[in-house]
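First comes the structure, then the notes that go with it.
The values are calculated or read from the model by the stated rules, or taken from the named source; none is laboratory data. Source: prediction; values computed, not measured. Reconstructed Cβ throughout: ideal geometry from the backbone, glycine too, with neighbour counts over all protein chains shown. In case anyone asks, the SASA skips ligands and DNA or RNA and just uses the protein heavy atoms, side chains included. Shrake-Rupley method; radii C 1.70, N 1.55, O 1.52, S 1.80 Å.
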Amino acid sequence: MATTKKPIRSKKAAVAKTNSIKLKFDTGWTYAPAPESKSAASINKQYDLFINGEWQKPESRKYFDTINPATEEKLSEVAEANAADVNKAVAAARTAYDKVWKKMPATERAKYIFRIARIIQEKARELAIIESLDGGKPIRESRDFDVPTAANHFFYYAGWADKLEYAFPNRKAQPLGVAGQIIPWNFPLLMAAWKIAPALATGNTVVLKPAETTPLTALKLAEIIQEADLPPGVVNILTGAGATGAALVNHPDINKIAFTGSTDVGKIIQRAVSGTNKRVTLELGGKAANIIFEDAPLDQAVEGVINGIFFNQGHVCCAGSRLYVQESVAKEVIRKLKDRMSSLLVGDPLDKNTDIGAINSKQQLDTILKYISIGKKEGAEMYESNCRLPNKGFFCRPTLFTNVAQSNRIAQEEIFGPVLSILTFRTDDEVIEKANNTPYGLSAGVWTDKGSKIFNLTKRLRAGVIWANTFNKFDPGSPFGGYKESGYGREGGLHGLLPYIELTS
Ligand code: NAI
Ligand code: MG
């Protein structure tokens, strides 16, 4: 979800010198490191669970480490919530719902949500640093995209809280109750905002579980929620892994589950809630097609493709991981892509020059490397930039494959890393058929000079979000979500209120 563009710095390869991130270009000049300061972030040695407005020791008595994937150093240890902790958190959320939150005038609820948004803005620098330390994403991303967009999400839904009668004229919007929310590691603070803001605006209370590799900004958000003086129990934050998430999903007193993560876990959740009254929204994987026509502004398109798959390490559910390029310009586009790839800086996430940070975990790096070797075995032709990788931490060179067949696994399955599969096409019909030929349907991109072509294509592409002549652009006011195995339900915009309400007349 990169939003910034960087000028091309060198057509030739950048040579990064180990972890010291002194970057030397073969043009003879060096890029001075510009690291953001760790000292601006305060991280406790240990975190408990945030239940009923206070920090509570876990019933499990267990804690687990969260590390910095760029250095493999331990940052902190966080509590592992078990079923008894989930019980306590759900009970706190239920009491807060019945006694305080659903009764509170909407204008008052809105003030709390505004307050959260403003405190996020005040602490933006610290949150960005912690996001990059805990998850490995470049500071440019966390500073310019994740944190401001998280604040904007709270601002946006604070605005709706007392205007639901205008959002749904002649209907009454009733909250559902207690929402259990489970989020992944690719946008930890932003996904927390996507989940919590609409739930609170509509009068629901929340138990949120962040991902096990990136719990720290959600815990910082708990501190912000305390500082904003939210009534105890309105938001509870439980750290833990899959078992904690499963306990939340299966808790009988939860009214709604909101999940973002893998399609496999999405299917488990779908099965777990079938036959119950629980409402569910699932935002799952993707295999987005970026389509470049011969009449497109090619340099812009190349920058959009680079942004769509390489920035943020390809850890994006809507990443443009398949590129369909019209045959007549394929050679030129591939050459431009390779040139641009060779100037991408891979390294220290805290360095403001870095384009591609650390892969979030060893496990995810292994998955990506497995797919790279599958691609080679399938007969596709691999090209990777020749940058040097740091000695420690989990890093992956930006990689592309040409001569990819539609049926290849690298063209069908979600890799969730900086790996691009390139295919070619001749006609509109052909590219529509190929782009839609995937189990997923989250997002797509179209690059062409002709408005009519954009409208024609976007109607026929089966994807929840389609960008034209841009990619990975987000706004709290516009809905996001998928088709098919990418899940269902929408987050963001007016649509994002619907999963949290019952409409009555
Ligand atoms: P995951 O789906 O296991 O994790 C997402 C969240 O679900 C985490 O908070 C996790 O603790 C929780 N969880 C795990 N098992 C659960 C269960 N049985 N019940 C309830 N909650 C559970 O994703 P993982 O293993 O970290 O990544 C695997 C693959 O999933 C990635 O390689 C990528 O392809 C995809 N993925 C997609 C994301 C998206 O934004 N759509 C985000 C993260 C991963
Ligand atoms: Mg971590």
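Observations on the structure shown:
- Selected residue (criterion: farthest from ligand 2 (Cβ to nearest atom)) from residues of region 39-75 that are among the hydrophobic types (A, V, I, L, M, F, W, C) and more than 21 Å from ALA358 (Cα to Cα): ILE51
- When residues of region 174-224 are limited to those that are within 12 Å of ligand 1 (Cβ to nearest atom), part of a helix (DSSP H, G or I) and not small (Gly, Ala, Ser), the one nearest to HIS153 (Cα to Cα): TRP194
- Residues satisfying the stated conditions in region 39-85, i.e. open to solvent by 50 Å² or more (accessible area, probe 1.4 Å) and of a type in the set (D, E, K, R): LYS45, GLU54, LYS57, GLU59, ARG61, LYS62, ASP65, GLU72, GLU73, LYS74, GLU80
- All positions within region 267-289 that are under 29 Å from ILE306 (Cβ atoms) and either within 11 Å of ligand 1 (Cβ to nearest atom) or free of Cβ contacts under 8 Å to residues at least 24 places away in the same chain (or both): GLU283, LEU284, GLY285, GLY286, LYS287
- Residue within region 318-338 that is under 30 Å from LYS38 (Cα atoms) and either among the β-branched types (Val, Ile, Thr) or in a helix (DSSP H, G or I) (or both) present: no
- Lone unmet requirement of (1) open to solvent by 10 Å² or more (accessible area, probe 1.4 Å); (2) within 16 Å of ligand 2 (Cβ to nearest atom) for GLN270: (2)
- With respect to the conditions (1) assigned to a strand (DSSP E or B); (2) surrounded by fewer than 24 Cβ atoms within 10 Å (Cβ to Cβ), ILE291 falls short on a single one, namely (2).
- Checked against the criteria, ILE120 counts as touching a Leu at 6+ places or on another chain (Cβ under 7 Å), crowded, with 16+ Cβ neighbours inside 10 Å and hydrophobic (A, V, I, L, M, F, W, C).
- Residues in region 40-98 that are under 20 Å from GLU131 (Cα atoms), of a type in the set (A, V, I, L, M) and more than 16 Å from ligand 1 (Cβ to nearest atom): ALA40, ALA41, ILE43, ALA70, LEU75.
Results for (1) of a type in the set (Gly, Ala, Ser); (2) away from ligand 1 (no atom under 14 Å from the Cβ); (3) surrounded by 23 or more Cβ atoms within 10 Å (Cβ to Cβ); (4) at negative phi, shown as yes or no for each residue.
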residue	(1), (2), (3), (4)
GLY245	yes, no, yes, yes
HIS251	no, no, no, yes
GLU303	no, yes, no, yes
PHE311	no, yes, yes, yes
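- Any hit, region 235-249, residues being closer than 22 Å to ARG109 by Cβ, in a loop (DSSP other than H, G, I, E, B), away from ligand 2 (no atom under 16 Å from the Cβ) and touching a strand residue (DSSP E or B) at 6+ places or on another chain (Cβ under 6 Å): no
- Which numbered condition SER262 fails, given (1) in the same structural domain as ILE432 (by TED's automatic domain parsing); (2) under 14 Å from the mean Cα position of the chain (by Cα); (3) on the phi < 0 side of the Ramachandran plot: (1)
- Scanning region 124-147 for residues that are open to solvent by less than 10 Å² (accessible area, probe 1.4 Å) and either more than 16 Å from ligand 2 (Cβ to nearest atom) or of a type in the set (S, T, N, Q) (or both) gives SER132, SER142, PHE145, VAL147.
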